[in-house]
Every structure is written in C-alpha cells, then in structure tokens.
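Please read the structure below before turning to the comments.
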Amino acid sequence: MPHATPTAVTGALSVDAYAQACQSDLNAIIQDGQGSGTWGAFARAADETVTRLDQLVPPTELKDFHEARLDALRIVRDGARARAGDDNVLRTFGTFAQTVATLGFLIPSSGTAYWDFAKVLPALTYLVLGPDAYYSDAAAVWAFEALPHRTQAALENAGRCPPSLFDTPTTADFGKWTIAIDVGATVHEAVAYDELDVFRFTAQEGQRYRIDVGPGTQSNFHLSLWDSDGGELAPGLPTIHSSDLRILWEAPSTGDYYAVVGVWDPTGSYAITVSPVDYVDDYANYIYGAAAIDVGATIRGAIDYGGDADALRFTAQEGQIYQIDAELGTLSDSHMVLFQHSNQGLASEGIYGSSGGLTASRIVWKAPSTGEFYIRMEGYSANSTGSYTLAVSIANPDDDYADTVEAADAITVGTPVPGAIDYVGDVDVFRLAAQQGQIYQVDIGRGNLEMLDSTGGILTDSRDFQDPDASHIVWEAPSTGDFYIAVDIWGGSTGSYTLTVSLSSIVDDHAGYVEAADAITVGTPVPGAIDYVGDVDVFRFTAREGQVYQIDVEVGTLSDSSLELQDSSGGFLASDSAIGASRIVWEAPSAGDYHVAVEGQGYTGSYTLTVSPPT
C-alpha cells in the first residue's frame, strides 16, 4: 500500500507538533506492514521515517525519548530488510502484534497454570525481528515512562504517538480504559477473548478488600490487580469450593486501583464485586505468599473464614519420604493438598481421621526431585472455620516391594501376587522371565502398569483409549530374557492391588520386532490387524538406492494409525501419525532391507499396508 510522504519539519517543535509528526510516520509503517504485507515495503517506510525524524528538533523534554525511538526504528528497519521474502510471517505479525502486546502487558505473569502471555510479545519479536528490535523498543518505552504524565498524555492525545512500535500499553493507558466500580457494589459485564475490562475503584490505606469474579455465561476467565503506575499487585486465583476467582488484599495507601478481567475462551458474561473485609488471615491463601515450615516442625494455624486456605512451603530432598499430618483443633474437618509450584497436584487427603486430637489429614509421599513443595490446608466444606496444627516429618514406612529394576522381586506366570502402594510416589517393580515371541497379558485390579526393559526404559503401558479404566497390558516379548513390570496407582493414591501375569490366547498376525519381521513386496498391498492395544506389526522390504518410495496405511476397522520407517537394525528413519490413514514418502539412501512398523495409537482393528514408488 503506498503511503504519503510526511512534510519535513525543521526547527524546535512543540510537544503537540512532535506528536502529530510521530503519528503520521508510524501510521505509514503500520499501513505498509498490514496492507501490502511485504518486508520490503515495511523497510522502505521505516527508512523514510528514520530520515524524516532525524531532521526534527524535538523539545528538550522529549530529547531522550526521540533518540530512543530513532534507535528502535533503525533496528526495526534493518531487521525488516533482513527478512525480505518471508512475508507470511509479517502478515501474522501485523495482524496479532497489538492484541498480543495488550495481553502481554495486562495478564499476570505469575499465579496461573495457563500460558504466560507476558512472554508472548518478546518471543514474537525475537522470532520476527530479533532480540535487538525488542530491547530497543523496550528502551523507547522506558524513556516514555520517564516523561511527566502530562507530557505522556499530550503525546498520545494530540497525535497518539505510541512509544512502542508493537503498541505495548503504558501506564497512561489506564486512565482511558477504566470502568468505575464502587466498593460494595456488583457489576455485570461481558468480555470477548481479545478484550480486557479494567475496573477502577478507590481504596483506603490499611483497609482489606476482597475482589471476586464469578461466572455468568463464561467461567474461564482471569483476574489481576494493578496500581495506578501499572504495577501488578496480585493475581486472581480460584477459590477453594467454587469456580470464582478471588483476590484478598490490603491497600498500602489511599488512591485508585485497577482490577483487570479477561477470558481464555470466546465472549461471555461475568460479575465482579469489590468488598471491604474485616477479618485477618494468618497465612496466605496461595503459594505466592506461602509461609515456610521446616521439616520436623509443627505450626498452628486457622481457617479464618469460609473459603479460606492456608499455604505453606517446605524443602524436600529427592527420594526422601515425608509424612504431613494435620490435627484438628476447633476446625471440624479438613482437606489437605500437596502440590508443586506449577500448581500440579501431587497428593491430597481429607478423610484420614477425626477431631479430638486425632490426625484429621495425612499424606505420606516420596519426593520426586529436590526443591520446594507446597501444602494447602483448608476446611472440608465451604463454610468451615477453626484451628488446627500441621507438621512435616521424615517418614520410614514399610514397603512391600522394591521400586527399582535392580532389586525387583520375581513374578511367576499364572501366579497372582498381592501388593500395596504404601505411600504416594511408591512404585512396586517385578521381574518377569519372558520368551521371545510369546504374548503376555498383565492384569491389575486398580492402578497403572508399565513394561520396562533391563535399564528401566518404558516399553509399553496400560493406556487404553478404547477403555480408559483398563488396567492391563498385552505385550509381545521382543527377545528372551528378563523384563520388568512397574505398578503404581492413579491420582496420587495408595492402597492394595493384585498383579497377575498370564499367557495370552491372542494370535498375532505379524510379529512386532525386526528379527521376525514379515517380508513384503514393493507394490503389493498387505492386509494386517492391530490385534491388541500396544500391538506393533513390523514388515521388511528391499529398497534400491536413490528410489523414492511411498508407504501408505489405509485403515479398515482401525480408527487411528501410526507408521514408522526403520533401518535394518530397527533404527528410526521417519514417521507419520494421523487420525485415519498414515503416509511416508522417502528416498532410500542406499540399497538394502528396511522395516516398516504399524501401530494403532491405542486402538485395535484392520488396515492395509502398501509400499510402492509414488505415481
């Protein structure tokens, strides 16, 4: 898209005049970037802008900002020149830069298990124009932020001269994007995926406030609290017994503050309430303010109000087993959760004991790694309040079976073996002497199963997409020797099980390892079937050097297929997985035998395999 060449301006400018010149120059670049969609046009517009702005004499107060903008424009221009020809990326950049920048500024950079949008804009800029463009643009934003608020407003209001080429919002934007909300009132609003609602309320120094966002037609939203300088104060996080988001916060000073609401999904409605509260909370609700507890120590706490939770953190050592006990005081019932910093739950317990000094909640758990882990203590019901004590200690529970292949107990085909997962993180490992080509079925009443090789590497597991509750493995031994079965229980639970290994009655149409692979002829379709979940059919064909081959799996009753091309020893060469048919097109690097492995991605059923030169 052609752009108008701005008229040269000489002599010192007023702030308003500078803003007008800045606006026309930036618009020319933006129009070229999104209109014609070529890096060449973008670079030419940036170069003309650099040339013209370099002739301007800004007011003294804008000198640093002017130089920072020029530096950024020069780097952007050079980056655009270097990207010439890669114009699809530019179209994406032009379409989404402003939305991504807005989200990157306003969505909390911590306190959520979702995407960290604060990192999206820098990542996009790195990919498109390189790190120098991002850092130079950030320097221009910092120079803008150093200006008096009146000057910032004049720049934006007179000509909307944004400090950032990527349209990153500044603190001055808060004054224009807000919806007033009175403390104690509830406001009902709707918001779209690419929008944010910013609510302004006046807080009094020392007063505690509760900000709640509850669902209307939309329940997948995010909430954050900001001060008038654009600093994030707190993230909104889920309440314990509902899908609401909540912030509990004490105002450090009297003034205006901003609650920002957005959604992760398409447009929906919600309600927001800002309320004063008079209760005092002994421990923070979430891990971002979690209090430390030493291993071996006991702390006293209280669930101070309905929906309260107390967050604590402790340092664990990899492989060590810990016991976490909560005893009831005036709290009638409790629920305790152990999790990592990523909010990934590791274990929970709410029914271990009762009140009267007995242990109400207990977690016995083996640390998977060294680091900080978190405990959340809460009342079992939404309105529970009362006192409790909590202790973290090193535990030495009885363990019926070892958790390594080196110490595994032998299991005999046809003999059921009772066992128990004695603590969260416990794994019981058994050794099976298998015969090559024999199909085995491994069953367990409840839990997870994995087949392991002699190094502990996973060969297959009990995932079954046709029956998600299944706890069995059907497996063909690729060689004669010792293999291993690992048992644990879903969802961080403990309890007993019975493990049985038996010879399967399934007849496999094609072997699952290269040593017994069936030979196929190029150009001749071969029927096959995935006879059990985890079945692999391996075929051998002879290729000529330099010949291009097309390998197709057409599904019959099989829902999804997976195809892998291997060399003569079973080494990986290429693959394709698809809903339905799979295809590999490949040029043989040398003459010889190659192998094709067909799987069902958790399903069983028939298929047809064809290896042929493409037509």
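Rounded to a whole number of µm²/s, how large is the Stokes-Einstein D of the range 557-606 at 4 °C and 1.567 mPa s, given Rh as the Kirkwood radius over C-alpha pairs?
Value of D from the Cα-based Kirkwood radius: 111 µm²/s.
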Quiz item: With each pseudo-label sitting 7 Å past Cα toward Cβ, what's the Thr186-Thr315 distance in nm, one decimal?
Solution: 4.6 nm
Quiz item: So who's got an amide H within less than 5 Å of the one on Gly216, skipping anything under 5 residues away but keeping other chains? H placed 1.01 Å off N, in plane.
Solution: Ser269, Tyr270, Ala271
Practice problem: Arrange the peptides 444-457, 515-528 so that the one whose residues have, on average, the most other Cβ atoms within 10 Å appears first. | Solution: 444-457, 515-528
Self-check item: Stokes-Einstein D (µm²/s) once Rh is taken as the Kirkwood radius of the range 410-558 over alpha-carbon pairs, at 37 °C in 0.692 mPa s
Solution: 191 µm²/s
Exercise. Would you please calculate the Kirkwood hydrodynamic radius of the range 401-448 over all C-alpha pairs and express it in Å, rounded to one decimal?
Key: 12.3 Å
Practice problem: Report, largest value first, the span of the C-alpha coordinates of the range 478-615 along each principal axis, in whole Å. | Solution: 58, 32, 30
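For Val57 and Ala284, compute 0.36 nm times the residue count separating them, minus their Cα-Cα distance, and round to one decimal in nm.
Residue separation times 0.36 nm, minus the Cα-Cα distance, leaves 76.4 nm.
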Quiz item: What's the extension gain from Ala402 to Glu587 if we count 0.36 nm per residue and subtract their Cα-Cα distance?
Solution: 61.8 nm
Quiz prompt | Modelled FRET efficiency - R0 41 Å, Glu515 with Ile579, Cβ distances, 0.05 increments | solution = 0.85
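Here, each number is a calculation from the coordinates, and none is a lab measurement. The shown structure was predicted, so the numbers you read here are calculated from the model rather than taken from an experiment. Cβ coordinates were reconstructed from backbone atoms using ideal geometry, including for glycine residues, and neighbour counts include every protein chain displayed.
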